[in-house]
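Take a look at the structure set out below.
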Amino acid sequence: MIPSSQAPADLSALPYHDTKPQGAADFYFGINATFRFIRTKFGLPGLIAYWRDLGTQYYKPVWTRWQALGLPGVASYWRAFFAAEPGSEVTVHEGPGEVIVEVKTCPAIRHLREHGREIVPEFCQQCYHINAAAAEQAGFDVRVTGGNGSCRQRFFAPIGGEPAQNLEEITRC
Amino acid sequence: MLGSYDFCGHYEWTFEWLRQRGGEPLVVKYWDEGIYQDSQRHATNLIAPLGFEGMARYWDHTLVEEGALFSAVKGPDFFRIDMTDCPSKGFLIRNGLVQYHDYCDHCMGWIDPLMRDAGFGIDHEHNHQGQCWWEFRKTGVPGAPSAPGETTPGDVRLRPDWDGGNVQRFERER
């Protein structure tokens, strides 16, 4: 295992670049509100379809890089991603055939809670559905456990026989 | 997870996702119900009770946090913003992200219903190049928007590159 502290974030691993080093935390309000709007209009299946479309379409530059670089590319992406998210406490470990993202403090849940926002109950399922849709394009899979502020995300190259994601293992908010 | 760092990228992508499922009316509904009434309730909580002072507090916080280049001026009967480098549209331009046909419409999409409910009207122009200006006045108060340079030396309309874009105008009901 290589703790993220031994592998500093390289922002060039991100597909898009801004002039500031981190995003504006109030944008988490927009993300949560967007999920609620789509869930209200299309139901949970519609929200899941939105997440999967994001994973395959918007995240194409991400999974294209994962295709090219393999699991080290997955690890470097998540290091860079969370380095650019304000208030996150995350470690990324690379092991044989897997990358584990340990989210000690989710920046989105933290900011939404600090500001008293009602969080969409299935908010944390985004991390399974978006990531799975993207990872599948690159030949990987993901499992998520926990949520509502901290979670564990395991990216791996499937060799068959892995149990499917149990969505009950993703905590509701 | 969706990040705040590239928020403007997936936000703009979402406009087109919605348009393909419900046309422009669904996009407009999203800006009103999802963004104004839900996401931006912190803006409403400042502007509705405090008026121009609330506008100053809201935009001073949010535009600094987003990394905008802008100026704002509060007059006796108006509040004005000049945006010389929109962090949101600028992010899209720099990263070559275009899914929806007119990203800039989202600002009027959520700010207009907020201001109507709070008792204000809007004069506004944007040039689709990350530059725009806004003047807010109380509903029913007469008065045309200021002439270029009349209220602030930071008036974006004085910039040589202002007319380089496709300028779209919105006028307050008088």
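Shielding by partners for peptide A:31-40, expressed as the average number of C-beta atoms from other protein chains within 10 Å of each residue's C-beta, is 6. Note on A:ARG36, B:ARG116: ascending count of other Cβ atoms within 10 Å places them as B:ARG116, A:ARG36, the fewest first.
Mean separation of Cα pairs under 8 Å and 6 or more residues apart, divided by the residue count, gives segment B:1-80 a relative contact order of 14 percent.
In terms of other Cβ atoms within 10 Å, A:CYS106, B:CYS107 run from fewest to most in the order B:CYS107, A:CYS106.
Over all other residues within a Cβ to Cβ distance under 13 Å of A:VAL62, the charged ones net out to 0, with Lys and Arg as +1 and Asp and Glu as -1. So for segment A:88-159, averaging the separation of alpha carbon pairs under 8 Å that are six or more residues apart and normalising by length, what relative contact order in percent results? This gives 35 percent for segment A:88-159. The mean sequence distance of close C-alpha pairs (under 8 Å, at least 6 residues apart), as a share of the length of chain B, puts its relative contact order at 21 percent. Peptide B:120-130 has a mean shielding of 0, counted as Cβ atoms of other protein chains within 10 Å of each residue's Cβ.
Neighbouring Cβ atoms from other chains, within 10 Å of the Cβ of residues in A:78-85, number 2 on average.
Counting other Cβ atoms within 10 Å as a rough exposure proxy, the listed residues B:THR151, A:THR145 run A:THR145, B:THR151 from fewest neighbours to most. When you work out D = kT/(6 pi eta Rh) for chain A at 20 °C and 1.002 mPa s, using the Kirkwood radius from C-alpha pairs as Rh and the Stokes-Einstein form, the result is 131 µm²/s.
Bear in mind that the values in this text are calculations on the coordinates, not laboratory data. Since the model is a prediction, treat every value here as computed from it, not as a measurement. Quick reminder, even Gly has a Cβ in these numbers, built from the backbone with ideal geometry, and neighbours come from all protein chains shown.
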